[in-house]
Amino acid sequence: MATLYSECPMANARDIRQHLESLVNAAVRDAVAAGDLPDVALPEAPLERPKDAANGDFASTLPLRLARAAMKPPLEIARAIAAHVPADPSIDPPTVAPPGFINLRLSAAFLQRQIEEVIASGASYADLALGRGKKAQVEFVSANPTGPLHVGNGRGAAIGDALASALAAAGYDVEREYYVNDAGTQTDTFSDTLYARYQQLFGRDVPIPADGYPGEYMVELAGEIKREAGDTYLSPPGEAAPAALGQLGIRLMVDRIRETLGAFGVHYDQWYNEKSLYDAGGAFQEVMALLRERGHLADREGATWFTSSELGEDKDNVVIRSDGRPTYYASDIAYHYDKFVRRGFSLVIDVWGADHHGHVSRLKTATGAIGGNPENLQVLLYQLVVLKRGGEVVRLSKRGGEIITLDELIEEVGKDAARFFFLLRSPGAQMEFDLDLAVKQSSENPVFYVQYAHARLASMLERAREQRLSAEDGDVSRLTQPQELALIREMMRLSDVIETVATTFEPQHLPHYAMSLATAFHAFNDAFKQQSDPSLKVITEDEALTKARLRLVLAAKIALARVLGIMGMTAPDRM
RNA sequence: GCCCCAGUAGCUCAGGGGAUAGAGCGACCGCCUCCUAAGCGGUAGGCCGCAGGUUCGAAUCCUGCCUGGGGCACCA
């Protein structure tokens, strides 16, 4: 089979664009040399992917950009360049279209060869070397362990985990991290609330703190501790809560969060405790000394300030309160010092809820001040989720009345559907999560559409196995139907999608791509099964054609499974 | 007051200088003697928030305004 394609050396989806650009550039040089085109400076004109497949696979807008300088109508320039594009096995002869596009269409031979590329790559299909093994860290969710995760945290989990997977596919050495806020004021409030609930179980009439956590889960947590440890944590009436109780409560909450995320399919490499920043030899002391040394700290009004206004911020910010306790901001500076300087990540992504927006700029400024490169810190903000139930909008709040936990969501709609929906929207857009709709779990749910395509691909291969048909020696040059070639084109886009996600940090391209890949498959499948001509079925009487199609089916399954995997979804063989 | 995000089909949202602006859902019309119809084909539905500007070309970039959300703590 190798000889069949030996005339097609650039047969690789990854660098076809570059190859085609070089063809166009060569054509321009030849056109100039032949006197068909004036010798003017060339503007940047990367090849585009036409929206409409009728316009080919790639298009150059060079003639449009060249028109003014060359003082010629763009269409004329397009013809001149197109005429000089050298013959190449990867493309059909170029065409031109008004007002001045040069359209390039990949050849059937090139497309067919992609099937072999996909199968040869297998599970690593569409992997890129963009990251070149550089260390990247994605920190996400990192919700305070003062309550169960809610639906909004689920959005952060889906985004962060998919982003981490996409970066790994793009060649980064990726670590997933959860930052456990176990040292701040909210932790104290949590402890006080827990102790109040705990005492209530022993008949003491104590209220929970005014700014405490009123949720029922705190009562359950106290009950759990009482069952396990009895009155071990009970101090004499009126005395403060024993520190050990708060620590135990936090530990139990973190366990619960870890379980929830596990059920969501998210697994971390590292659970990083804020507290450890303050250990002997921890990052906090070191970074404060560094800031002091560099003249970024000022003591006034009894507090210690980071003089960020000197570095372009609107104002200075307190890092150590007048009572001696560090602020959250101080923790975060130390934490990012640890990420960049101590651990040496060259790309750090923080996935935060949009309510942390005000914190972004000053953290970047601080990152620069402590020896990190702010450009390598990407803070990805996602808008909070607006829940809708029964047409009614429900705001998410850990302190408010109604909480929909992530556990409940997973229970009701499944982790695959939940993840898909969360990824579907760009992080910056407020999204509406219609619980009634999601709970339906009907065909309206696009996640089934994508997974069903995978199940169908699997069942075709299964059917072929039953009939002792192997895809091993299929000759893909038999595949010339438009639906077959369209499916290959769609498979080829995956590396582009991964590159886009890994460079723009916009995971919504993943589910959108998955849907169009599934659509291309369904069109392929249906085209053949609906027709009366049995030779058009995937599994036909023509054994050679059948084997060729099975090869395509195998490749399509690999591509679809890959994108599902990056999204953290399962790729079912049966539904 | 200042900063950030959003405003695109009835609904939820993609697209973010190029060719007739897309998808899903909803509506309407077709398609299973079946390799899963959880599917496919088709129709209807848009001054891309408003007004200027830049450009050969603007939903996309710039300016201003309107609307919704978020932020501007010795909270996190």
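The values are calculated or read from the model by the stated rules, or taken from the named source; none is laboratory data. Note that the structure is predicted; figures quoted are calculated from it, not measured. Methodologically, a virtual Cβ is constructed for each residue, glycine included, from the backbone with ideal geometry; neighbour enumeration extends over all protein chains shown. Side chains included, ligands, DNA and RNA excluded: accessible areas come from the protein's heavy atoms. Shrake-Rupley method; radii C 1.70, N 1.55, O 1.52, S 1.80 Å.
Let me check something: with ligands and nucleic acids excluded, how do A:THR260, A:THR365 order by accessible area (1.4 Å probe), largest to smallest?
Working: A:THR260 5, A:THR365 25 Å².
The ordering from most to least exposed comes out as A:THR365, A:THR260.
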Over the alpha carbons of the range A:164-310, what is the largest minus smallest coordinate on each principal axis, giving the biggest first in Å?
54, 49, 27
What number comes out for the charge environment of A:TYR337, summing +1 per Lys or Arg and -1 per Asp or Glu over other residues with Cβ under 12 Å away?
0
At what distance in nm do the modelled label points of A:ALA229 and A:GLU313 sit from each other, each positioned 7 Å from its Cα along Cα→Cβ?
3.7
With every protein chain in place, the accessible area of A:PHE306 for a 1.4 Å probe, in Å² rounded to the nearest 10, comes to 0
Whole-number accessible area per residue in Å² for chain A, which is evaluated in the context of all protein chains at 1.4 Å:
44
Show me, bin by bin at 20 Å from 0, the whole-percent P(r) of chain A based on Cα pairs.
18, 40, 30, 11, 1
Calculate how many DSSP beta bridges within chain A are antiparallel, expressed in % of all such bridges and rounded to the nearest 5.
45
Measure of size requested: the Rg and Dmax of the range A:269-383, with Cα atoms as the atom set and Å as the unit; please supply both.
13.6, 41
At a 1.4 Å probe, what is the % contribution of carbon and sulfur to the accessible area of chain A?
49
Calculated FRET value between A:ASN273 and A:HIS356, using beta carbons and R₀ = 25 Å, to 0.05:
0.80
Near A:LYS388, which aspartates and glutamates are there with a Cα under 14 Å away, not counting those fewer than 8 places off in the same chain?
A:GLU402, A:GLU432, A:ASP434, A:ASP436
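Just to be sure I follow the definition: excluding the sites themselves, where is the longest run in chain A that has none of the GluC sites (Glu not before Pro) in a DSSP loop with at most 16 other Cβ atoms within 10 Å?
Here the longest run is A:45-238.
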Placing one equal point scatterer on each C-alpha of the range A:2-107 and summing with Debye, one gets log10 I(q)/I(0) at q = 0.12 Å⁻¹ equal to -0.38
Could you give the radius of gyration (one decimal) and Dmax (whole number) of the Cα atoms in the range A:185-263, in Å?
12.2, 41
Additional length obtainable on full extension of the chain from A:GLU466 to A:HIS19, 0.36 nm per residue less Cα span:
156.7 nm
q = 0.09, 0.22 Å⁻¹: log10 I(q)/I(0) that the Debye formula gives for the range A:445-566, counting C-alpha atoms only:
-0.25, -1.26
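For the range A:73-183, what does the alpha-carbon gyration tensor say about shape, rounded, prolate or oblate, given a ≥ b ≥ c as the root eigenvalues, a/c under 1.5 as rounded, and a/b over b/c as prolate?
On the way: a/c = 3.69, a/b = 2.43, b/c = 1.52.
In terms of gyration-tensor shape, prolate.
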Virtual spin-label span in nm between A:GLU543 and A:LEU252, 7 Å along Cα→Cβ:
6.7
Semi-axis lengths (Å, descending) of the ellipsoid that matches the C-alpha gyration tensor of the range A:136-179:
22, 11, 4
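Based on the Cβ-Cβ distance from A:VAL40 to A:SER516, what FRET efficiency comes out when R0 is 56 Å, to the nearest 0.05? Please report the intermediate quantities before stating the final value.
Numbers: r = 39 Å, r/R0 = 0.69.
It comes out at approximately 0.90.
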What stretch of chain A, leaving out the sites themselves, is the longest with no trypsin sites (Lys or Arg not before Pro) in a DSSP loop having at most 16 other Cβ atoms within 10 Å?
A:469-573
May I ask which of A:LYS275/A:LYS364; A:LYS275/A:LYS339; A:LYS135/A:LYS339 have a Cα-Cα span longer than 18 Å here?
A:LYS275/A:LYS364
Between A:ALA97 and A:TYR449, what is the spin-label point distance in nm, taking each point 7 Å from the Cα along the Cα→C-beta axis?
2.4
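Could you work out how much longer the chain between A:VAL206 and A:ARG325 gets when fully extended? Use 0.36 nm per residue separation minus the Cα distance between them, nm to one decimal. Provide the component values of the computation, followed by the final result.
Working: separation 119, 0.36 × 119 = 42.84 nm, distance 2.74 nm.
Length gained between A:VAL206 and A:ARG325: 40.1 nm.
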Charge tally in the Cβ shell below 12 Å around A:LEU248, where Lys, Arg are +1 and Asp, Glu are -1, A:LEU248 excluded
-2
What accessible area, in Å² to the nearest ten, does a 1.4 Å probe give for A:MET460?
20
Length added when fully stretched, A:ALA33-A:GLU411, from 0.36 nm per residue minus Cα-Cα
129.3 nm
Quick check on chain A: helices-only [θ] at 222 nm, where DSSP H runs of length 4 and up contribute -39,500 (n - 2.57) each and the sum goes over total residues. Nearest 500, please.
-15500 deg cm²/dmol
